[in-house]
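Taking it in order: structure first as structure tokens, then the write-up.
All of the numbers you see were taken from the coordinates with simple rules; none came from a lab. As the structure is a prediction and not an experimental result, all values here were calculated from the model. Cβ placement follows ideal geometry from the backbone for every residue including glycine, while neighbour counts extend to all protein chains displayed.
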Amino acid sequence: MERKSFLRTFAVAAAAGPLLIEACKKDASSTQTETTTTTTSTNGTTCITTATEEEGPFPYPSGEINNPLNRVDVTGGQTGVPLSISFVVVNTNDNCNVVSGARIDIWHCNKDGYYSGYGNQPGVLGTKSYIGETWLRGYQLTDTSGVAKFTTIYPGWYSGRATHIHMEVFINNVLKKITQMAFSETISDAVHVSTLYAAHGINTTRNATDQVFGDSATDLANETIALTGSVSAGYSGTYTIGVAL
């Protein structure tokens, strides 16, 4: 069975257990077909074609293209350290020029490591089901500067994966990029021992040993967002997604 079909069947069946970790792993049938490459434009601007990563758990149950959640603030009532991200989409085949009207979908787990929309998820608080919930997922279209902004919370984590956010980029309703974003472990560790996250503590899976990020140090460096801020004030950063159109 194809990975995407498996995940969507999995949503209907609401059966997770140890399959949660397996669904995250790269294999020959995954979407991992491209690594980061650097492009220098005619005006000297440098941009990178973002590495393609697997979709992983847990996309919108009926598929991201059918996700109706066009919103900047995706928190949906979830508590956590505030996180603001500006995504910039650039075309690495067009002098690194920005791409307006690109659709960026994001989704990630809450502070305790659970996803909305899926059932029977094992975790630090026991097995939880959030079928019908839509928190911490949504999409935005890039503006004339190629920017799409999201307000969310800093992700928690679950067994077997480094801290991350999933993204998909659609151009004219055609999927052009599936990838994932990593975080500095210095910041993640500080967040994960703070009051709201303390029940779970520091993530035991590090970026370099993660099933998705750990296969390429170059890709990991390019997939890690640079953030400013603090646990008390929240964090913000800009992440550029390079797509070869």
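Observations, loosely collected:
- Shape category assigned to segment 78-237 from the gyration tensor of Cα positions, a/c cut at 1.5: prolate
- Once you reduce segment 142-171 and segment 208-236 to the center of their Cα atoms, the two points are 12 Å from each other.
- Under 5 Å, built H, 5+ apart or other chain: amide partners of ILE153: LEU83
- Principal axis dimensions, largest first and in whole angstrom, of segment 77-117 by Cα: 41, 21, 15
- Here SER184 and THR45 are evaluated by their C-beta separation; at R0 = 22 Å the FRET efficiency comes out at 0.30.
- Label point 7 Å beyond Cα of THR218 along Cβ direction - residues of segment 78-109 with amide nitrogen under 19 Å: 92-93, 96
- Ranked by the mean number of other Cβ atoms within 10 Å per residue, highest first, peptides 226-239, 139-152 order as 139-152, 226-239.
- The aspartates and glutamates whose alpha-carbon is closer than 15 Å to the alpha-carbon of LYS177, local same-chain residues fewer than 8 away aside, are GLU34, GLU53, GLU54, GLU55, GLU64, ASP105, GLU168, ASP219, GLU223.
- Rg/Rg_ref, segment 169-245, where Rg_ref = 2.2 N^0.38 Å and atoms are Cα: 1.30
- Sequence-ordered 3J(HN,Hα) estimates for segment 211-227 from the Karplus curve with 6.51, -1.76 and 1.60 and θ = phi - 60° stand at 5, 9, 7, x, 7, 8, 5, 5, 4, 4, 4, 7, 9, 8, 7, 8, 10 Hz, glycine and proline given as x.
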